[in-house]
Amino acid sequence: MSPKTLDATTDTQTTRGLPQVSHARNAGMDLDLDWVASVQANTSAIERRAATLPGRRSVKKEFQAAWLARAISCIDLTTLAGDDTPGRVRRLCAKARQPARPEILAALGLPDLTTGAVCVYHEMIPVAVEALRGTGIPVAAVSTGFPAGLSPYHLRVKEIEESVAAGAEEIDIVISRHHVLTGNWQALYDEMKEFRAACGDAHVKAILATGELGTLRNVAKASLITMMAGADFIKTSTGKESVNATLPVSLTMIRAIRAYYQATGTRVGYKPAGGISKAKDALVYLSLMKEELGDRWLRPDLFRFGASSLLGDIERQLEHHLTGAYSASYRHPMG
């Protein structure tokens, strides 16, 4: 059984046990303030649409297992704690390399399945790079004064450059929320453009911290502007806000991605982060991506979960699929 049941996109290569298709990075475009001014968000309609998603009939049996395996491949396995140690990061990387017990992966026909990336603070990049050497799993680093994004501007830019030099292949930056709250779209665009340039060849994910932006219209406009400035991914949250990833916010951001793709032909990825800890939640987000953007966005180069505990519950569900019994959660440790 393979996650290929998810889609019929033409494959060009196979990496880490899953079919992959490459696509061009987002080069961005000039800031179009007329487009930004025209952006609307019908909050009641968005909330009604989002409310229908969890209650729909879910995929079952081998199809559910395939979707959950795909979800594993899209996880940015994350540790962003003040008490992180090299040992904790090495254990996390070991889990990224083997996200479920060998017998589970073998029974699924996916012995080479890994997570999409490992996400850490700058200080832990060298440890993660060494632990993942030769696996093809990228190291992602949070940057630009994460999580508040209020450190001196030149230091935020320098932090990106230092993280790239240390070996991070993906950089998760945080925007200045006050640019959104005051409607200073030019400043937000210029900031994102400079962050994108500082990343060089590293992919950049723009964290909008949507729980602090006030309205869905602000979320839609911030999504559009960061894409105009060259973001390869847009991401909901740092995971440190009081409100993180939600379905209404996700729908708003996904539709901004669709509008940008229709206007420019460029695909931008999406990463919900914070509060996604159950396998059933992962299935809802995957179905949302499939319905709103199509099968191409169900791959790790265009979709990621920012999560830590999610993987344990997915592994537990996969064991239930194979054995018919739920195991204790301690049988599926993170490290």
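The values are calculated or read from the model by the stated rules, or taken from the named source; none is laboratory data. Keep in mind that what you see is a predicted model, and the values were worked out from it rather than measured. So basically every Cβ, Gly included, is an ideal-geometry build from the backbone, and we count neighbours across all protein chains shown. Please note that ligands, DNA and RNA were not included when accessible areas were found on the heavy atoms of the full protein model with its side chains. Shrake-Rupley method; radii C 1.70, N 1.55, O 1.52, S 1.80 Å.
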Exercise for review: Quickly work out the Asp201-to-Ser44 label distance, labels modelled 7 Å from Cα along the C-beta direction, and quote it in nm with one decimal.
Suggested key: 5.3 nm
Check your understanding: Dipole of the chain (Lys/Arg Cβ +1, Asp/Glu Cβ -1, origin at the Cα centre): which of Ala107, Gly183, Tyr326 lies farthest to the positive side?
Key -> Tyr326
Practice item. Mind giving me the FRET efficiency for Arg133 and Glu162? R0 is 30 Å, r the Cβ-Cβ distance, nearest 0.05 is fine. Key: 0.90
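Where a ≥ b ≥ c are the square roots of the eigenvalues of the C-alpha gyration tensor, would you call the stretch 35-96 rounded, which needs a/c under 1.5, or, failing that, prolate if a/b is larger than b/c, or oblate?
Details: a/c = 3.16, a/b = 1.45, b/c = 2.18.
Because a/c hits 1.5 or more and a/b fails to exceed b/c, the stretch 35-96 counts as oblate.
To the nearest 0.05, how large is the calculated FRET efficiency for Glu291 and His23 if R₀ is 30 Å and r is the Cβ-Cβ distance? If you can, show how the numbers build up before the last one.
Numbers: r = 20 Å, r/R0 = 0.68.
Calculated transfer efficiency: 0.90.
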Point to revise | C-alpha long axis of helix 43-52 to longest principal axis of the chain, angle in ° | key: 0 degrees
Exercise for review: Return the sequence-ordered ³J(HN,Hα) values of the stretch 318-323 in whole Hz as given by the Karplus equation 6.51 cos²θ - 1.76 cosθ + 1.60 applied to θ = phi - 60°, using x for Gly and Pro.
Suggested key: 5, 5, 4, 4, 7, 10
Exercise for review: Arrange the residues Arg258, Arg177, Arg299 by how much accessible surface each exposes, largest first, with a 1.4 angstrom probe.
Suggested key: Arg258, Arg177, Arg299
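Please give the FRET efficiency for Phe63 paired with Arg91, using the beta carbon to beta carbon distance and R0 = 41 Å, rounded to the nearest 0.05.
Details: r = 32 Å, r/R0 = 0.78.
The computed FRET efficiency comes out at 0.80.
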Review point. If Arg49, Arg217 are ordered by their accessible area, calculated over protein heavy atoms with a 1.4 Å probe, which sequence runs from highest to lowest?
Key: Arg217, Arg49
Exercise for review: Round to the nearest 10 and give me the degree value, 0 to 90, for the angle of helix 216-228's Cα axis relative to the longest principal axis of the chain.
Suggested key: 90 degrees
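Compute the length gained on full extension between Asn184 and Arg331: take 0.36 nm times their separation in residues and subtract their Cα-Cα distance, giving the result in nm to one decimal. Before the final figure, lay out each step's value.
Details: separation 147, 0.36 × 147 = 52.92 nm, distance 4.98 nm.
Stretched fully, the Asn184-Arg331 segment lengthens by 47.9 nm.
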Practice item. Compute the long axis of helix 61-73 from its Cα atoms, compare it with the longest principal axis of the Cα atoms of the chain, and write down the angle in degrees, 0 to 90, nearest 10. Key: 50 degrees
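What relative contact order, as a whole-number percentage, does the stretch 202-332 give when Cα pairs under 8 Å and 6 or more residues apart are counted? Please report the intermediate quantities before stating the final value.
Working: 194 pairs, mean separation 26.9, N = 131.
Reported relative contact order: 21 percent.
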Check your understanding: Using the Cα gyration tensor of the stretch 38-144, with a ≥ b ≥ c the square roots of its eigenvalues, what is the shape: rounded (a/c below 1.5), prolate (a/b larger than b/c) or oblate (neither)?
Key -> oblate
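Rounded to the nearest whole Å², what accessible area per residue is found for the chain with the 1.4 Å probe? Present the calculation step by step, with values, prior to reporting the outcome.
Details: 13660 Å² over 335 residues.
I get 41 Å² per residue for this part.
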Study note, to complete from the structure: For Leu155 and Lys278, extending 7 Å from Cα along the Cα-Cβ vector and measuring point to point gives, in nm, a value of 4.1 nm
Revision key, fill the gap. Per the C-alpha gyration tensor (a ≥ b ≥ c, the square roots of its eigenvalues), the stretch 223-295 is rounded if a/c is under 1.5, else prolate if a/b beats b/c, else oblate; here it's oblate
Check your understanding: Where does the chain land at 222 nm, in deg cm²/dmol rounded to the nearest 500, when only DSSP H runs of n ≥ 4 count, each adding -39500 (n - 2.57), divided by all residues?
Key -> -13500 deg cm²/dmol
Study note, to complete from the structure: Check: C-alpha center the stretch 59-105 vs C-alpha center the stretch 257-293, spacing in Å is 19 Å
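Suppose a student asked you for the relative contact order of the stretch 193-275, using Cα pairs under 8 Å spaced at least 6 residues apart; what percent would you report?
Working: 125 pairs, mean separation 27.2, N = 83.
Relative contact order, the stretch 193-275: 33 percent.
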Check your understanding: Which of Ala231, Ala222, Ala41 moves the most in a Gaussian network model of the chain with Cα springs under 10 Å?
Key -> Ala41
Practice item. Given the options Thr43, Thr236, Thr182, state which has the largest fluctuation in a GNM of the chain using a 10 Å cut-off (strictly under) for Cα springs. Key: Thr182
Review point. Which aspartates and glutamates does Lys280 reach when only Cα atoms under 13 Å apart count, and residues fewer than 8 places away in its own chain are ignored?
Key: Asp313, Glu315
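Leaving out ligands, DNA and RNA, and with a 1.4 Å probe, what % of the accessible surface on the chain is carbon or sulfur?
Details: 7020 of 13660 Å².
Looking at the chain in its full context, I get 51 percent from C and S.
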Revision key, fill the gap. For Ala51, placing the label point 7 angstrom along Cα-to-beta-carbon and taking the stretch 197-241, residues whose amide nitrogen sits under 20 Å are 215-217
Check your understanding: Among Thr144, Thr323, Thr226, whose mean-square fluctuation peaks in a Gaussian network model of the chain (Cα, cutoff 10 Å)?
Key -> Thr323
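Any of Lys193/Lys235; Lys158/Lys240; Lys158/Lys221 with alpha carbons more than 20 Å apart? Name them for me.
Values: Lys193/Lys235 16 Å; Lys158/Lys240 23 Å; Lys158/Lys221 27 Å.
Listed pairs above 20 Å: Lys158/Lys240; Lys158/Lys221.
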Check your understanding: Counting alpha carbon pairs within less than 8 Å and at least 6 residues apart, what relative contact order, in whole percent, applies to the chain?
Key -> 21 percent
